[in-house]
Amino acid sequence: MSEPTTAAQTRTLHLTVNGKSVSGVAEPRLLLSDFLRHELGLTGTHVGCEHGVCGCCTVLYNGEPVRSCLMLAVQADGANIMTVEGLANGDGSLHPIQQAFLDCHGLQCGFCTPGFLMNTYAFLKEHAAQDMTDEEIRVALAGNLCRCTGYQGIVRAVRQAAQVMQK
Amino acid sequence: MTTKLLGEPVKRLEDPRLLKGQGQYVDDIHRPGMLHGAVLRSPYAHARIKGIDVSNALALPGVHLVLSAADLGEAGGPLPLLIPHPALTEPRTQRALAVDEVRYVGEAVAFVVATNRYVAEDALELIEVDYEPLPVVSVLDTATREDAPLVHAGVERNIAAHLVQTVGDPDAAFARAAHVVKGRYRMDRGAANPMETRGIVAEWNDAEQSLTCWISTQGPIPIRNGLAMLFGLPEHKVRVMAPDVGGGFGPKIMMFYPEEILAPVASMRLKRPIKWIEDRMEHFISTNHEREQIHDIEVAFDADGRILGVRDTFLHDTGAFSPYGIITPLITATQVPNNYNVPNYRVEFTVAFTNKVPVSPYRGAGRPQGVFAMERLLDKAAAALGLDRAEIRRRNFVQPDEFPHDVGLIFQDGGPTTYDSGNYPEVQARALKMIGWDGFKSQQAEARAQGRYLGIGLANYVEGTGIGPYEGAQVRVDVRGHVYVSTAVSTQGQGHYTTFAQIAADELGVPLDRVTVTTGDSTQFRWGSGTYASRGLTVAGNAVGLAAHAVREKAAQIAADLLEVSPEDLEFEHGIVSVKGSPGRSYSLAALSVASNPLRYAYGEVPKLPPEPLPRQGPALTSGREPGLEAIRYYSPPHAAFASGCHAAIVEVDLDTGMVKILKYAVVHDCGVMVNPMVVEGQVYGGVAQGVGGMLYEKLDYDEEGQLRSGTYMDFLMPYATEVPHIETDHVETPSPLNPLGIKGAGEAGAIPTPSALASAIEDALSPLGIQVTQAPLPPDTLRAMIAEKRAPAR
């Protein structure tokens, strides 16, 4: 991200992202999504609508899924953020949720995928989805839009991930 | 024997990268010194521009450049008309920036470049444009009236094109008909809305006098050609790449969108990379729409319900300009006969300008409209003739032994509309079985007794796919035995990195993970036309097959010479070429790649090849041979290959809310030979979801002043997982005789009949109220009002 126009207006933020302490500079009006993508270079989080409907920008904010396009970067000062880049294992192997999306053809263009992964990750921490009906899984996913898959593979992937993670 | 990959639901090679957030979409690209653009767009649907004052914007700290039309020079001329046609008598294309007049809300008026997008948007607000509002043409129904205001001066009645096409003698057919059934059907504007909006990074390199662009586009090669022509550059000095693209669905193929010129111009002026990324609100008013048509169709039947003739007259809205010619209505015109024998046919269409976003193909590209007209009418005819809706279709199918079947019209590619193969009765029969057609009436009656309104519907479609002009591919085996495939078609999620690899891997007998595919990069493959019209796998895939086969033959010849056998005695497996029955006598493809290049200076730890016998006889590279295990081949299809299918649905309508719940949805689909059934099904599912949106929710609500009132996701409702049902699929495979692999396209199929199948089911559900479904979409509030009117008609 290039230099903002009025240096006096910027803030320095300190936060934890994917387990690492980071700091960055942000004008008060800079969106969290833009801060993550362009200030920190974590381009895995995508921006689909910038008005809080599509869910492509979903990250975890202190463990909760949030729409990072509706947050200001300064609101994340001192927070613990997790993005899709924090999901895979240290050796690069896929998290069970990622593996499930791969196995079940839960992605095509991949643009909405990080948002689905983060929402699913948060959801599976709290719920035993392997026992849920398809309808209940669909409701859990009803904050993320996908234009490519028709959601068929995504619903199957969430169920598979839940089954694997239960073990 | 190696397991064959062709036809297997192989998991995708591109997925790990995308799942880890390592995709590289255009907004992920950062170039040193990059600046950011923003576009000032017209807030008026029609207005004269009396003046533009950019001085305050230029004075804002952080702003580097502000362009208006006067600053563009030759780049400010009319954008190319992509596909001329004799019937398009009044073509109009827009400029990169509007000159004297704006003709739709969203039209680009100025371009700002600043240190970041936030500052650029601040600057937009400081540009003063003096607009003089002009009368607006917003409603298609009245756009061609004598007294309608003009979108373009001199274009009488806003008519851009008019075409009549006739097959046989429709008037005679109607004269002898036992029954004539008529209907008026309309589809409103729709928009593809890929999850990634458009965007470009343009980088002019002054030292090299070269231009590099990364664009979220379906057509990088035509754009490369066009930009080279526009800026007077040799083609090899212009590089256009489609990086990862987050969905295309049609509207991302244009040459050009204004920003695809503005960003390069700005980069050339400032000698810095320029990024412009469209935001969603801009997307609604600046990325092309489609779908809007009004059909008046009548069909003549004999006493047994067999079609004698069809007459269809329709009005097509092209928006404020006609950038893509009349391809969409041409496709509609050839679509109407659908899966049926229509011996006499007259279709007349008029293309009208309106003060709305321009129109170019969106998944289906005119086919959903044509199918809607025919399939809705067949439902109406079934009721009028006392026939089951499936039966009237059965009686009219082109039969399996009637192929090739010529519709009698010229298709969008200039070739004949000839169905190559299919089995429509089998496809429909399977769909009806899957949905439970025969037993439904009793289920419906039981539900009605409980006050629930269930309905069942169906719709058939054909789809002309895999059109030319051509695509090409290069296949290359390198000295490590890795296979590289490159082709010019680009990828927006349809799995090319895997399916093209399957084709090459099968032909060369190598494991799938030893094949790397590159698409949509003009530096890797220079010739081709793009991803559209369900043609990627059919055309580029066949080119990959031909190139891989040529490489196999080269490898076989080299191995045969080394092993002193005939090429027919060899087999290719796991990257090794060996003599059948003597597995010890073999060479790896890596070794053959080395052997194919007779260099004086060997290098690397290559397998030792036998020394040549001395003295050598003749040149090291014999006449006609080229070094390397590589080949470039092109495939140019003779004409379109016709896929087909049948969708069936069971819905429940809530009379109080107007909400439609899809209880069951079945798809039977025939796209010929399937390279990867998992990928094919994924394409079908995605198309069905867009069809669900297009029938039940997605309304582009233009008011009479040409203002889009549903220009955000708050009002333009796209289906979530809760709105798209579980979709059951089955496949029939009638191979295409037209290409070596026997494949037909699959990209658009899911979207084509879905509105018609749902309309058929909704109408069936509401038949006690006598509601006819003649329009799409039917969002809940609209349907609710229709239901309320029937239950308690206003006095």
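Since every read-out is calculated from the coordinates, none of them should be taken as a lab result. The shown structure was predicted, so the numbers you read here are calculated from the model rather than taken from an experiment. Glycine also receives a Cβ, built like all others from the backbone with ideal geometry; neighbour counts cover every protein chain displayed.
Each Lys and Arg adds +1 at its Cβ and each Asp and Glu adds -1 at its Cβ; summed about the Cα centre, region A:96-166 shows a dipole of about 200 debye.
Only lysines eight or more places from residue B:275 in sequence, or on another chain, were considered; those with a Cα closer than 27 Å are B:20, B:237, B:252, B:356.
Between residue B:175 and residue B:229, the C-beta separation translates, for a Förster distance of 45 Å, into a calculated FRET efficiency of about 0.25.
Please give the FRET efficiency for residue A:80 paired with residue A:25, using the beta carbon to beta carbon distance and R0 = 25 Å, rounded to the nearest 0.05.
On the way: r = 20 Å, r/R0 = 0.79.
My answer for the efficiency is 0.80.
Within 10 Å of the Cβ of each residue in A:16-29, the mean number of Cβ atoms contributed by other protein chains is 0. Toward the positive end of the charge dipole of the protein assembly as shown, about the Cα centre and with charges on Cβ (Lys, Arg +1; Asp, Glu -1), which of A:148, B:374, B:303 goes farthest? Result: A:148, furthest along the dipole toward the positive end.
What share of Cα pairs, in percent, lie more than 18 angstrom apart in region B:461-619?
Working: 7753 of 12561 pairs.
Looking at region B:461-619, the distances longer than 18 Å represent 62 percent of pairs.
The gain in end-to-end length when the residue B:661 to residue B:767 segment is fully stretched comes to 36.5 nm, 0.36 nm per residue minus the alpha carbon separation. Take the Cβ atoms of residue B:146 and residue B:383, set R0 to 45 Å, and the FRET efficiency comes out at 0.75. Here's the picture: a label point sits 7 Å out from the Cα of residue B:715 along the beta-carbon direction, and within region A:34-58 the residues with their amide nitrogen under 17 Å of it are A:51-53.
With helices defined as uninterrupted DSSP H runs, which ones in chain B have an alpha carbon span along their own long axis of at least 27 Å and mean Kyte-Doolittle hydropathy of at least 0.5?
Long hydrophobic helices here: B:542-563, B:677-696.
Across region B:274-407, C-alpha contacts under 8 Å between residues 6 or more apart give a mean separation that, scaled by the residue count, equals a relative contact order of 29 percent.
Which value results when the Cα radius of gyration for region B:1-121 is divided by 2.2 N^0.38 Å? Before the final figure, lay out each step's value.
Details: Rg = 22.1 Å, N = 121, 2.2 N^0.38 = 13.6 Å.
Working it through for region B:1-121, the quotient is 1.62.
Residues whose amide H falls under 5 Å from that of residue B:356, counting only those 5 or more places apart or on a different chain, are B:320, with hydrogens built in the peptide plane.
For the pair region B:717-769 / region B:386-400, the C-alpha centres are spaced 19 Å from each other. When the protein assembly as shown is described by a simple charge dipole with +1 on each Lys and Arg Cβ and -1 on each Asp and Glu Cβ, the residue from B:175, B:750, B:151 located farthest towards its positive end is B:750. The charge dipole of region A:4-138, taken about the Cα centre with unit charges on the Cβ atoms of Lys, Arg (+1) and Asp, Glu (-1), comes to about 440 debye, rounded to the nearest 20. For the pair residue B:313 and residue A:93, label points projected 7 Å from Cα toward Cβ lie 7.0 nm apart. The residue among A:137, A:124, A:100 whose Cα reaches farthest toward the positive pole of the charge dipole of region A:96-166, with charges on the beta-carbon of Lys, Arg, Asp and Glu, is A:100.
In the calculated pair-distance distribution of the protein assembly as shown, the portion above 47 angstrom amounts to 27 percent of the Cα-Cα pairs. Centroid-to-centroid, using Cα positions, region B:607-631 and region B:402-419 are 49 Å apart.
What dipole magnitude, in Debye to the nearest 20, does the protein assembly as shown give about its Cα centre under +1 on Lys/Arg Cβ and -1 on Asp/Glu Cβ?
Numbers: 82 positive and 110 negative charges, 168 e Å.
Here the size comes out at about 800 debye.
When a/c reaches 1.5 or more, the comparison of a/b and b/c decides; with that in mind, is chain B rounded, prolate or oblate per its Cα gyration tensor? Oblate, because a/c is 1.5 or more while a/b does not exceed b/c. Distance between the modelled labels on residue B:83 and residue B:207, one decimal in nanometres: 4.4 nm (7 Å Cα→Cβ projection).
Taking only DSSP H segments of four or more residues, each worth -39500 (n - 2.57), what value at 222 nm results for the protein assembly as shown once the sum is divided by all its residues, to the nearest 500 deg cm²/dmol? If you can, show how the numbers build up before the last one.
Numbers: 22 runs with 241 residues, N = 962.
Counting only the DSSP helices, I get -7500 deg cm²/dmol.
Which log10 I(q)/I(0) values, to two decimals, does region A:7-86 give at q = 0.15 Å⁻¹ under the Debye formula with one point per Cα? One equal scatterer on each Cα of region A:7-86 leads to -0.43.
Would you kindly state how much longer the chain becomes between residue B:74 and residue B:165 on full extension, computed as 0.36 nm times their sequence separation minus their alpha carbon distance, in nm to one decimal?
Values: separation 91, 0.36 × 91 = 32.76 nm, distance 3.86 nm.
Difference between extended and current length: 28.9 nm.
In this simple spin-label model, placing a label point 7 Å from the Cα along the Cα-to-Cβ direction at both residue A:167 and residue B:157 gives a separation of 7.0 nm. Estimated translational diffusion coefficient (Stokes-Einstein, Kirkwood radius over Cα pairs, 25 °C, 0.890 mPa s) of chain A: 150 µm² per second.
For residue B:702, the amide hydrogen comes within under 5 Å of the amide hydrogens of B:709, counting only partners 5 or more places away or on other chains and with H modelled in the peptide plane.
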